[in-house]
1. Taking GLU265, is it at pLDDT 95 or above, out of contact with any helix residue (DSSP H, G or I) (no Cβ under 9 Å at 6 or more places or on another chain) and surrounded by 13 or more Cβ atoms within 10 Å (Cβ to Cβ)?
2. Which of the residues spanning the range 268-282 are within 20 Å of ALA153 (Cβ to Cβ) and open to solvent by 20 Å² or more (accessible area, probe 1.4 Å)?
3. Residues in the range 87-118 that are assigned to a strand (DSSP E or B) and surrounded by 20 or more Cβ atoms within 10 Å (Cβ to Cβ): how many?
4. From (1) surrounded by fewer than 16 Cβ atoms within 10 Å (Cβ to Cβ); (2) touching a strand residue (DSSP E or B) at 6+ places or on another chain (Cβ under 8 Å); (3) within 16 Å of GLU281 (Cβ to Cβ); (4) touching a residue at least 60 places away in the same chain (Cβ under 8 Å), pick out the condition that doesn't hold for HIS177.
5. Provide a single number: the residues in the range 180-200 that are open to solvent by less than 60 Å² (accessible area, probe 1.4 Å), in a strand (DSSP E or B) and either within 18 Å of LEU232 (Cβ to Cβ) or among the hydrophobic types (A, V, I, L, M, F, W, C) (or both).
6. If you go through the range 67-86 one residue at a time, do you hit one that is assigned to a loop (DSSP other than H, G, I, E, B) and charged (D, E, K, R)?
Amino acid sequence: MKFQLKNILAVVAVILAFSSCSTDSETPAVNELSELTKFKEITNTSHTIELYAHTGSLEQGYNEISLRIKDKASGQYVKNATVSWMPLMHMTTMTHSCPKSGVEKVTAGGTLYKGNIVFQMAQNATEYWDLKIDYTINGTAYTATSTIDVPAAAKQRVTTFTGSDNVRYIVAYVEPHHPKVALNDITVGVYKMESMMSFPVIDNLKVKIDPRMPSMGNHGSPNNVDLTQSTLDKLYHGKLSLTMTGLWKINLQLLNASDVVLKGETITDLVPASSIYLEIEF
């Protein structure tokens, strides 16, 4: 009995010692690239900039984009850069930008930077997008530019229009990424065109939604909640009721702070669809 007890105590001591050592010296590695896929590399003489997205590509509409900056000489990823970007659409008659966020560090000790860009137009045979990335490391400024692929989305994920106030608006679908038959959280971004290069977020509007299934008699769904702006991310959030799988047209109305309709129509038997809408299919 004493022999068995001594052996058990010895095993416990070894386990405790190993656990203590592991806790002190080993920190579980965090995979910064979890659920991200690299879709592009942009290079200059000093660095390679890797671009990532959840889908592994860009498309017309709202895109969350992550990036890392790799030093060519050392092979190490930069952790202390200050980053900004400028997307440009090169058309046959003009050049313009689009709505975009700032670029922020994801975690203090990590190598990943993140932001979003809303491409309101898709590329075509003669017109294309490029992305210029400016960044500073330890007081030294760098820049890198490359063309990027922005094909048309399979469904309408962004709509551009002029409101009754003569403002040019852009409304972009953000989420749900994976809609389901349920009451979904829905998010859209609302921006205005101040100039060919400036597309800021618009505050204090309301986005009314009326989701319909055109292939099923244009029926709607219950319990939808119109979208209002969050003070945290400046995007517009509400509830989207989807009662079955298939193609849904999310009819929109954009209202100002006084509830005056700036664009969009109420759905009736005589008006089966709004002039502004987004689409999802699942």
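1. Judged against the criteria, GLU265 is a match.
2. Those that are within 20 Å of ALA153 (Cβ to Cβ) and open to solvent by 20 Å² or more (accessible area, probe 1.4 Å): ALA273, SER275, TYR277, GLU279, GLU281, PHE282.
3. The number of residues fulfilling the criteria is 6.
4. Only one criterion in (1) surrounded by fewer than 16 Cβ atoms within 10 Å (Cβ to Cβ); (2) touching a strand residue (DSSP E or B) at 6+ places or on another chain (Cβ under 8 Å); (3) within 16 Å of GLU281 (Cβ to Cβ); (4) touching a residue at least 60 places away in the same chain (Cβ under 8 Å) is unmet by HIS177, namely (2).
5. Going through the range 180-200 one residue at a time, the tally reaches 7.
6. yes
Each row is one residue, and each column tells you yes or no for (1) closer than 30 Å to LEU88 by Cβ; (2) open to solvent by 60 Å² or more (accessible area, probe 1.4 Å).
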| residue | (1), (2) |
| --- | --- |
| ASP203 | yes, yes |
| LEU227 | yes, no |
| SER230 | yes, no |
| THR245 | no, yes |
| TRP248 | no, no |
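The values are calculated or read from the model by the stated rules, or taken from the named source; none is laboratory data. Because the structure is a prediction, the values reported are computed rather than measured. Positions of Cβ are generated from backbone atoms using ideal geometry, with glycine treated the same way; all protein chains shown enter the neighbour counts. Protein only, heavy atoms only, side chains kept; ligands, DNA and RNA dropped before computing areas. Shrake-Rupley method; radii C 1.70, N 1.55, O 1.52, S 1.80 Å.
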